[in-house]
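Data block below; observations after.
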Amino acid sequence: MVKQQISAIVKKAWENCRQSGFLPPDIDVNIIIEIPREEANGDYSTNIAFLLAPKVRKSPTDIAKTLIGNMEFHGVCEKVEVAAKGFINFYVRDDMWRAALQEISDQGLDSLVPDVGEGRKVLIEFVSSNPTGPLHIGHGRGAAVGDVLANIMKRAGYNVVKEYYVNDAGKQIDTLGQSTYARWKELTGDAVPLEEHYYQGDYVKDIASLIVESNVAVPAEKAEAIAFMSKFASDFVLDGIKKDLEDFGVLFDNYFRETRLYESGEVEETLATLKDKGYAYEKDGALWFKTSMFEKDEDRVLIKSDGEKTYFASDIAYHKDKFDRRFDTLIDIWGSDHHGYIPRMRASIEALGRGKDSLKVLLIQFVTLIKDGKPVGMSTRAGQFTTLKEVLNEVGRDAARFFFLMRKSDAHLEFDLDLAKKTTNENPVFYIQYAHARIESIFRVAKDEGIDLASVKTARVDLLTEKDEITLIKGILHFFDVIEGSAKSLEPHRITFYLLDLVGRFHSYYNKTRVIVGDRELTMARLLLLATLQQVIKDALALLGVSAPERM
RNA sequence: GCGCCUGUAGCUCAGCUGGAUAGAGCAACGGACUUCUAAUCCGUAGGCCGCAAGUUCGAAUCUUGCCAGGCGCGCCA
């Protein structure tokens, strides 16, 4: 749209300068078109002259002036000037903004989102919480980030699959079985001492009593009984996790079980391959992976001296499986406490013959819940963690999702439960939803006055001459840049900030300007603007998985 | 001890991958409802961008060294 046109103008000017000999043909710089912070500095600007200056030994001002002299504007700009010794500032004609609005209204949002993904296959793996206990608040944040990132990337043209890796093998599942067994013994008469490493949460008791109540046949032999409990309890917990995620609006395309990798022989196969390639070796009765060959990290154990395979071993097989399914890029979303795991994982990706960049890890920092102005304590060990479900019940899906996305994922997040529940202007979720409802309300009034909303598409956009109207259109257009930037940088939080900005422009406009006025044509033009705006708000909210109410 | 993340207004945080005079919300103060939803808006005030060097036309952003907080450093997952 407008930005692309500016970009094209700059490119063409550069090309012209090369042909005239003013600029050499062999140098290259990255053209960045940005929106200046100060409105007085134009609608767009570029610093290209600064970038070229040292390479061609000319002054930035000279370069900027000559570039401008070589520009072909085709009526896009009303003014272009050199500022601050080399910036080129573009002042776009209002007609162009109106034309862009018209284009969006005619074509719809979808077709105008830049295709940065070009259909590349991306697998986003997130949550992947062990089925040994309910999801807590930190998982909720990871779930929101993963789900929304998937939405954004899909919109930007990627082919995205959302996957949950279920660690249903290994020690922790065994521990869950033992914990359940102990509770079950408690219920059936003879108490067994609870060991310290057992899962202490009440849900374990619940599962034990469920086993008692449902009268299922528990094997008599202890080891078998524990195995049974492991399966029963982890299945139960996983079902609960799925339910919580569903309530949270997060639907996975696939739940991938770790045990499957063992059953299919992929773990063995992967280890054999690593050995063949010389990336794994035996020492002290264990099999080690040569992390140090690829990363600044120590070698790590794949098979312990007792013959057990480590989590790392199956995780490599898992990532190999992902590549075998022809994904170009793997995105893993982990709790930030796992960051020490990144080097070895990246090393294993290289050992599998893939580029380092084909794995991207997003770290999710911890969430602190705030209630009555004070942090809510949480300790998983003691089983007092605050679950996602509790938070959902407390503040609802919309607020929960939005609040999780109000920060960069690698920054600590303070989640103010009281604020999330407030239905006032302090609560950003309501601020945005209110704008949507307000626009809808205007439509209702318009309808009452006999205006046919279906015909606003043909309204005269040239009547939108108010400064605030142009400001709104610019905000609408920015949507496309934000999606692109958000998808490329893997930063879903940008959408929330964008929405707050956009909606702020609307509320300001609303308070200053009446939409439904005596002049019917003007009214129609403004309704067209608001219809498009509302569509953007609704669409952006949909990316976040937050509802857009028509009435509040 | 080593590594990663964080440090920006009283509070919570943005800052578009190095740009122009540092941004928002909340809290504080002062204003705006006979008019499409006041869950809103307008205005005022608030800053050594943790500290110190360096890189260059230009640094909150990049480098190095400190300081403070968080998290990691298992033949755990």
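The values are calculated or read from the model by the stated rules, or taken from the named source; none is laboratory data. Everything numeric in this text was worked out from a predicted model, so none of it was measured. Cβ placement follows ideal geometry from the backbone for every residue including glycine, while neighbour counts extend to all protein chains displayed. Areas reflect the complete protein model, heavy atoms only, side chains present, ligands, DNA and RNA absent. Shrake-Rupley method; radii C 1.70, N 1.55, O 1.52, S 1.80 Å.
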Per DSSP H run of at least 4 residues, take -39500 (n - 2.57); add these up for chain A, divide by its residues and hand me the 222 nm value, nearest 500 deg cm²/dmol. -16500 deg cm²/dmol
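Calculate the all-directions average of the projected area of the stretch A:1-113's alpha-carbon convex hull, and give it in nm².
Values: hull surface 30.2 nm².
If you wrap the Cα atoms of the stretch A:1-113 in a convex hull and average its projections, you get 7.6 nm².
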Sorting A:D190, A:D94, A:D26 on solvent-accessible surface, 1.4 Å probe, most exposed first, gives A:D26, A:D190, A:D94
Are there trypsin sites (Lys or Arg not before Pro) in the stretch A:13-98 that DSSP marks as loop and that have at most 14 other Cβ atoms within 10 Å, and which are they? A:R37, A:R57, A:K85
In whole percent, the fraction of accessible protein surface over the stretch A:171-238 that belongs to carbon or sulfur atoms, probe radius 1.4 Å, stands at 54 percent
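Could you look at the stretch A:2-92 and say what percent of its accessible area is carbon and sulfur, using a 1.4 Å probe and all protein chains?
49 percent
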So what does log10 I(q)/I(0) come out to for chain A at q = 0.06, 0.07, 0.09 Å⁻¹, using the Debye formula with one equal point on every Cα and no solvent? -0.42, -0.56, -0.85
Tally up the carbon and sulfur contribution to the accessible surface of the stretch A:392-441 as a whole percent, 1.4 Å probe, everything protein left in place. 44 percent
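On average, how much accessible surface per residue is there in the stretch A:171-238, in Å², for a 1.4 Å probe, leaving out ligands, DNA and RNA? All intermediate terms of the calculation are to be shown ahead of the outcome.
Working: 3680 Å² over 68 residues.
The answer is 54 Å² per residue.
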Note down the relative contact order for chain A as a percent, whole number, built from C-alpha pairs under 8 angstrom at least six residues apart. 14 percent
A:D324 - accessible surface, heavy atoms, 1.4 Å probe, Å² rounded to 10: 90 Å²
Rounded to 10°, Cα long-axis angle of helix A:202-214 versus longest principal axis of chain A: 60 degrees
So, taking all protein chains as they sit and a 1.4 Å probe, how much accessible area belongs to A:T424, in Å² rounded to tens? 60 Å²
Debye calc, one equal point scatterer per Cα of the stretch A:362-521, no solvent, log10 I(q)/I(0) at q = 0.09, 0.16, 0.20 1/Å comes to -0.44, -1.03, -1.33
Sorted list, accessible surface of protein heavy atoms, 1.4 Å probe, largest first, for A:K356, A:K296 is A:K296, A:K356
Could you check what % of the DSSP bridge pairs in chain A are antiparallel, to the nearest 5? 50 percent
Give me the percent relative contact order of the stretch A:9-80, please, defined on Cα pairs under 8 angstrom at least 6 residues apart. 35 percent
Which order do the peptides A:432-444, A:213-225 come out in when sorted by mean C-beta neighbours inside 10 angstrom, highest first? A:432-444, A:213-225
Specify whether the C-alpha gyration tensor of the stretch A:171-238 places it in the rounded, prolate or oblate class, a ≥ b ≥ c being the square roots of the eigenvalues: rounded for a/c under 1.5, otherwise prolate if a/b is larger than b/c and oblate if not. rounded
Leaving out ligands and nucleic acids, and using a 1.4 Å probe, what accessible area per residue does the stretch A:2-92 come to in Å²? 54 Å²
Nearby aspartates and glutamates by direct alpha-carbon distance to A:K11 (threshold 15 angstrom, same-chain neighbours under 8 apart not counted): A:D26, A:D28, A:E34, A:E72
From largest accessible area down, sort A:F480, A:F430; use a 1.4 Å probe on the protein chains. A:F430, A:F480
